[in-house]
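Here the structure is laid out as structure tokens; the discussion comes afterwards.
Computed from the coordinates by the stated procedures, all read-outs in this text should not be read as laboratory data. Quick caveat, the model's predicted, so the values are computed rather than measured. When we count neighbours, we look across all protein chains shown, and the Cβ atoms used for this are built from the backbone with ideal geometry, even at glycine.
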Amino acid sequence: MDAFTAGLLQRIKTTESDLSRARDEGDDFLAEVEQGELDDLRRLAAEHGVEVAVSQH
């Protein structure tokens, strides 16, 4: 796995965790921001052929 792929997958994992925490804390604004970031990261992954497992939240 190259550095780009590893970094992208780590950012996705971190963003998923941040999104989950924002939802758990009831922070709707932060959850919306994190969801947008996650959508962008997943789109970037798809554009570069990086497979991402969709977590269940």
**Request:** With a cut-off of at most 13 other beta carbons within 10 Å, and DSSP calling the residue loop, which GluC sites (Glu not before Pro) in region 1-38 qualify? Please list them.
**Result:** Glu25
**Item:** Label-point separation in nm, Arg23 to Ala53, each point 7 Å along Cα→Cβ
**Value:** 1.7
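Counting Lys and Arg as +1 and Asp and Glu as -1, what is the net charge of the other residues whose Cβ lies under 14 Å from the Cβ of Arg42? Walk me through the numbers before you get to the answer.
Working: positive: Arg11, Lys13, Arg43; negative: Glu16, Glu34, Glu37, Asp39, Asp40, Glu47, Glu51.
Net local charge, Arg42 excluded: -4.
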**Item:** Dipole-positive endmost among Ala6, Leu30, Leu19 within region 3-47 (Cβ charges, Cα centre)
**Value:** Ala6
**Asked** How big is D for the chain, in µm² s⁻¹ as a whole number, if Stokes-Einstein is applied with the Kirkwood radius of its Cα pairs at 37 °C and 0.692 mPa s?
**Response** 282
